[in-house]
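Notes to accompany the following structure.
The values are calculated or read from the model by the stated rules, or taken from the named source; none is laboratory data. All figures in this text were calculated on a predicted structure; none of them were measured in a lab. Don't worry about glycine lacking a Cβ; one is built from the backbone with ideal geometry, like all the others, and counts go over all protein chains shown. Surface areas here come from the heavy atoms of the whole protein model, side chains and all, with no ligands, DNA or RNA. Shrake-Rupley method; radii C 1.70, N 1.55, O 1.52, S 1.80 Å.
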Amino acid sequence: CTCSTEPQNHRDTEPQNHRTTEPQSHRTTEPQRVEKIRFSLDTFPCSPAAHVWELWIVDPDLVLLRGIFKLKKKSHDVLLTRTRLTWTPIVPETPTGALLLKDVFAVRVKRRRAAGQQTGGAVLGLALFCGRRRGRRLEEETLHLNNASVEHTHTWFNTVKELLAASKRPRSLKVLINPCSHKKEAVHIYRAHVAPLFKMADIHTDITITEKKGHALSVLKECKLDEFDGSVLVCVGGDGSVAEVCHALVLRAQLDAGSPETPERATLPLGIIPAGSTDVVSCSVHGVRDPVTAALHIILGHLQQVDMCSFSSLGRLVRFGFSAMFGFGGRSLALAEKKRWMSSSRRREYALVKTLAKLRPEECELSFLPAKKTDGNLSEQRISIMSIPCLSPHVPRGLAPNTRLANGSAALIAVGNTSRSEFIRHLKRFSSSSGQFSFSFVEAHAVSAVRLRPRALTGWPEEENEEEGESKSTPIIQSERAFPWNIDGELVEIANEVLVR
């Protein structure tokens, strides 16, 4: 955009000494295709002079480079613009393919090298690495552009490299790996499937392998987040690891903002590499449980806002999380935690059968504030509260299929008193496509707040404590008895009423 001043009576004529300059980034080897808009703006009604402005609008489809490459042994005319790469076979004259540069994450010069040769070699052309969507998955693909001209190939390589560097994508990552996640495969999953992609995309990584529960929380509390400006935090682990990191990010945002009572949005985006047993959060965000898909989302800079819940008791924050279960879900997890020596699948089956054998409703008072203007009360329920759909390989549609990732509300699912057989029918419906809420004893609400108050501090049945022969862990809120909660797959014992927002 340029401006010149000219006499009022010559407003409609081209200024003689007018010079226009074109931004350096817009120059190419071919003439620019631009549109010029020229108009006048009077500075004062009685002023004898006026400003004449010329706006140069660059065509987004302007061809930056054009050349001939071989694709699959056939010659193609290849065009590069600021937004895409297109190619057309020399004969016939019909376009056969296109690749958006927003899907490209790396470019390399291909060379012919002898066995054991590390550097040099004859230039063969370019290789563009991109992420292609296959259903819900993202898969790595390579586009080969063959051309033996060294100058021609390097011109294209440098231009594509500059375009990728100008995109808003992470250039550094802080990676937290939980080595004990699931079958202790997190480190292997990262090194085998994720690290090569980060290296190919020229992303710098700073890796911390956590040593104990709460290690990630302490790291994020003590580190200086301003040092991670322009970077992304990556968590490699299961739902427990993801919940711990998310809790730490939101808690740190509160402390930095000086508002311990009001939740703040986390300042760093979080990338999730699934390496757990169910990976509910990763499945809900990505739609699939796949480390390559998750890594490509991180590399390409894809962002998705996700709602979280705060859990507090007696005015004290317990933690932040995505989902919570009280009653059946909490008691079955408590039994499973006492059999940590079992395999995860066997431990889960044992806890499920044992809890079903002693199935009973919880004596509690439940009040909630729906997302709309009404309110409600329930009692003697088995409760689930979820801010995300909670998809997993075992529950393809999710435990809360009607909620969304960032709609500002959570799903409240309350299961009333019913027979064991009917409750089992309800559970089996979660593994099918639909129908899990089509029972008279099941209620589902979209809520913004939930308050759950136990009617009596009965806590753990005495027969369960004697049978297991183990003492329960220390409750979060101290009291004689405590109730087990399943919050993001972690056992949390709370002895008083709980407020969820």
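Note on the stretch 292-360: enclosed strands (runs of 3 or more DSSP E) holding 2 or more residues that are out of contact with any Phe, Trp or Tyr (no Cβ under 8 Å at 6 or more places or on another chain) are 309-313. The residue that is modelled with the highest pLDDT, among those in the stretch 353-395 that are in contact with a helix residue (DSSP H, G or I) (Cβ under 6 Å, 6 or more places away or on another chain) and open to solvent by 20 Å² or more (accessible area, probe 1.4 Å), is Lys354.
Which residues, counting only those in the stretch 165-186, are surrounded by fewer than 18 Cβ atoms within 10 Å (Cβ to Cβ) and among the aliphatic types (A, V, I, L, M)? Correct list: Ala165, Ala166. When Lys354 is tested against (1) without any contact (Cβ under 8 Å) to a residue 24 or more places away in the chain; (2) within 32 Å of the chain's Cα centre (by Cα), just one condition goes unmet, and that condition is (2). Determine whether the stretch 122-144 contains at least one residue that is in a helix (DSSP H, G or I) and either among the basic types (Lys, Arg) or not assigned by TED's automatic domain parsing to the domain that holds Val288 (or both). Among the residues of the stretch 122-144, not one is in a helix (DSSP H, G or I) and either among the basic types (Lys, Arg) or not assigned by TED's automatic domain parsing to the domain that holds Val288 (or both), which makes the answer no.
Within the stretch 383-435, being in contact (Cβ under 8 Å) with a residue 24 or more places away in the chain, assigned to a loop (DSSP other than H, G, I, E, B) and in contact with a Phe, Trp or Tyr (Cβ under 6 Å, 6 or more places away or on another chain) holds for Ser387, Ile388, Gly416.
From the residues in the stretch 254-282 that are open to solvent by 10 Å² or more (accessible area, probe 1.4 Å) and assigned to a helix (DSSP H, G or I), which one is modelled with the highest pLDDT? Residue satisfying both the conditions and the ranking: Val280.
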